[in-house]
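Notes for the one structure printed next.
The values are calculated or read from the model by the stated rules, or taken from the named source; none is laboratory data. Being a predicted model, the structure only gives us computed values, none of them experimental. Don't worry about glycine lacking a Cβ; one is built from the backbone with ideal geometry, like all the others, and counts go over all protein chains shown. For accessibility, only protein heavy atoms count, side chains too; no ligands or nucleic acids. Shrake-Rupley method; radii C 1.70, N 1.55, O 1.52, S 1.80 Å.
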Amino acid sequence: PAPKGFANPYELTFGTVCGICTGIFVKKGLKAAAFILGGLFVVLQYFNSLSWLRVDWGSAENRFKQTFYTTTVDGQSRPPTIQSFFTWMFNFVMADFQPRASFLAGLLLGLRVG
């Protein structure tokens with residue numbers, strides 16, 4: 001009998017399709033989030049210029065730092081980076097998913113295409 005290959009076409013195809021779909025979803029979601037946050041910022045600035053409300057940007061900055069900054073072993077606070085975001089995202093979407101290599105290739109393709 002002929003030896004079987006170790007590559008399973010089903011897993012490769014499934015991982016690639018899931019990766020492409022996830023990449024498109026993430027890219028469209030990030031665009032939508034940027035649109036909404038940008039619009040919210042413009043509306044807040046407009047209301048601030050009319051003196052309808054006052055935005056405490058210092059408090060917003062402190063809340064952002066508490067939520068997203070990390071503290072190193074020596075006690076220094078480090079801001080988030082694009083690399084840390086992608087590392088977190090890859091770890092999140094690829095947890096307990098076996099065809100990781102094809103998924104990662106499909107994810108990058110989906111981010112490019114989407």
Testing Ala60 on (1) among the aliphatic types (A, V, I, L, M); (2) within 16 Å of the chain's Cα centre (by Cα); (3) modelled with pLDDT of 85 or more, one condition comes back false. Which one is that? (2)
State whether the residues of region 4-11 include one that is among the charged types (D, E, K, R), open to solvent by 60 Å² or more (accessible area, probe 1.4 Å) and modelled with pLDDT of 90 or more. no
Kindly indicate whether any position in region 12-28 is over 12 Å from the mean Cα position of the chain (by Cα), among the polar types (S, T, N, Q) and part of a loop (DSSP other than H, G, I, E, B). no
Every pair of residues 6+ apart whose Cβ atoms lie under 8 Å, when the first sits in region 63-81 and is without any contact (Cβ under 8 Å) to a residue 24 or more places away in the chain while the second is of a type in the set (A, V, I, L, M, F, W, C): Pro79/Phe68; Pro80/Phe68
Candidate set from region 96-114 (those that are hydrophobic (A, V, I, L, M, F, W, C) and under 13 Å from Gly15 (Cα atoms)); member that is surrounded by the most Cβ atoms within 10 Å (Cβ to Cβ): Leu107
Members of region 57-87 that are in a helix (DSSP H, G or I) and either in contact with a Gly (Cβ under 7 Å, 6 or more places away or on another chain) or open to solvent by 100 Å² or more (accessible area, probe 1.4 Å) (or both): Trp57, Arg63, Gln66, Phe68, Ile82, Gln83
Does Gly39 satisfy the condition of being farther than 28 Å from Gly106 by Cα and either small (Gly, Ala, Ser) or open to solvent by less than 70 Å² (accessible area, probe 1.4 Å) (or both)? yes
Exactly one of (1) exposed (fewer than 11 other Cβ atoms within 10 Å of the Cβ); (2) at pLDDT below 85; (3) not β-branched (Val, Ile, Thr) is unmet by Phe90. Its number? (1)
Tell me, which residue of region 25-35 that is in contact (Cβ under 8 Å) with a residue 24 or more places away in the chain and out of contact with any Leu (no Cβ under 8 Å at 6 or more places or on another chain) is farthest from Gly110 (Cα to Cα)? Lys28
Within region 64-93, residues under 20 Å from the mean Cα position of the chain (by Cα) and over 17 Å from Val26 (Cα atoms) come out as Phe64, Lys65, Gln66, Thr67, Phe68, Tyr69, Thr70, Arg78, Pro79, Pro80, Thr81
Single residue of region 42-56 satisfying the filter (of a type in the set (A, V, I, L, M, F, W, C), part of a helix (DSSP H, G or I) and open to solvent by less than 80 Å² (accessible area, probe 1.4 Å)) that is farthest from Arg78 (Cα to Cα): Phe47
